[in-house]
Amino acid sequence: MQTQFPPAAQDALAAVAAVDLVKVYGSGDTAVRALDGVTVGFTRAQFTAIMGPSGSGKSTLMHCLAGLDTATAGQALLGGTDLTRQSDRVLTRVRRERIGFIFQSFNLLPQLTAEQNILLPLELAGRKPDRHLFNHLTEALGITARLSHRPGELSGGQQQRVAVARALISRPEVVFADEPTGNLDSRSGAEVLLFLRNSVRELGQTVVMVTHDPGAAAYADRVVLLADGKVAGEIDRPDHGSVTEALRSLAVQR
């Protein structure tokens, strides 16, 4: 089902958007309103970080936008497709063919080599790999010499770079990154973040990242702030100082 982005969500450049998105866990007195009418859009070919205090709804928003979780009400729009109206079968295909994922825990299959892990989304979709893109990604990420190795033979930083290549190999409409540097040392984390930023500028990739780290958010073009399940503001061209101050202000207001 195709639908147009409402102006309040974002203009025609939006790759993904939430419109009056609500997510409630539980019921009755124990119900938790994780998202409380969130309306926000994420521009194509832009690197956006989602930040907020613990329990603000960051990961819930990302999971709903990526079709990993079902919304209670509202719309989660991917390129005009309303994910809240799709069957599980359609959502599985959308996640496989139109979305890339990078997780804190890497989520590589231990029995496969690095190359096989990278190409797995294409294999599942029955698509042939673009070898030019494959070579570009693996060379830029510095993992060409490790492609025949299995995850257990790779460092954490190398495993995450394999995961990044896997997320981008299908040329997805959007890459969702959930705390992608959470299990990495500072140097490896910086390398991953720099590559994500370069993928936006050189490949036109759209990246939406959830993070609690102001340093990581400073690599983004824009920061969307959440608090208590609502959009609490945003920062254009963020730096470490502006993000830290915004998070401090949110903490004081709670």
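The values are calculated or read from the model by the stated rules, or taken from the named source; none is laboratory data. Just so you know, these numbers come straight off a predicted model, no measurement behind them. Glycine gets a Cβ as well: all are built from the backbone with ideal geometry, and neighbour counts include every protein chain shown.
For every residue, the table says whether it meets (1) over 11 Å from MET51 (Cα atoms); (2) in contact (Cβ under 8 Å) with a residue 12 or more places away in the chain; (3) surrounded by fewer than 18 Cβ atoms within 10 Å (Cβ to Cβ).
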| site | (1), (2), (3) |
| --- | --- |
| GLN205 | yes, yes, no |
| HIS212 | no, yes, yes |
| ALA218 | yes, yes, no |
| GLY233 | no, yes, yes |
| SER249 | yes, no, yes |
> For the stretch 159-254, list the helices (runs of 4 or more DSSP H) that sit wholly inside it and hold at least 1 residues that are within 14 Å of the chain's Cα centre (by Cα); which are they?
Replying inline: 186-203, 214-217
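Looking at LYS23, LYS58, which one is closer than 16 Å to LEU225 by Cα, at pLDDT 95 or above and either in contact with a Cys (Cβ under 6 Å, 6 or more places away or on another chain) or among the charged types (D, E, K, R) (or both)?
Details: LYS23 fails: closer than 16 Å to LEU225 by Cα.
Of LYS23, LYS58, the one residue that is closer than 16 Å to LEU225 by Cα, at pLDDT 95 or above and either in contact with a Cys (Cβ under 6 Å, 6 or more places away or on another chain) or among the charged types (D, E, K, R) (or both) is LYS58.
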>> Taking the conditions exactly as written (assigned to a helix (DSSP H, G or I), modelled with pLDDT of 95 or more and either under 22 Å from VAL200 (Cβ atoms) or within 22 Å of the chain's Cα centre (by Cα) (or both)), does ILE118 satisfy them or not?
In response: yes
> Can you tell me which of PRO180, PRO129, PRO110, PRO151 is of a type outside the set (A, V, I, L, M) and in contact with a strand residue (DSSP E or B) (Cβ under 7 Å, 6 or more places away or on another chain)?
Replying inline: PRO180
> Say we look at the stretch 35-55 and pick out the residues that are buried (at least 21 other Cβ atoms within 10 Å of the Cβ) and either in contact with a helix residue (DSSP H, G or I) (Cβ under 7 Å, 6 or more places away or on another chain) or modelled with pLDDT under 95 (or both); which of these is nearest to ARG96 (Cα to Cα)?
Replying inline: PHE47
>> List pairs: first residue in the stretch 117-134 and under 23 Å from GLU153 (Cβ atoms), second residue of a type in the set (Phe, Trp, Tyr) anywhere in the structure, Cβ distance under 8 angstrom, at least six positions apart or on different chains.
In response: ILE118/PHE134; LEU119/PHE134
>> Can you list residue pairs whose Cβ atoms sit under 6 Å apart, with the first residue in the stretch 19-31 being surrounded by 13 or more Cβ atoms within 10 Å (Cβ to Cβ) and the second being part of a loop (DSSP other than H, G, I, E, B) and among the hydrophobic types (A, V, I, L, M, F, W, C)? Count only pairs 6 or more apart in sequence or on different chains.
In response: VAL19/ALA9; LEU21/ALA71; LYS23/ALA71; VAL24/ALA31
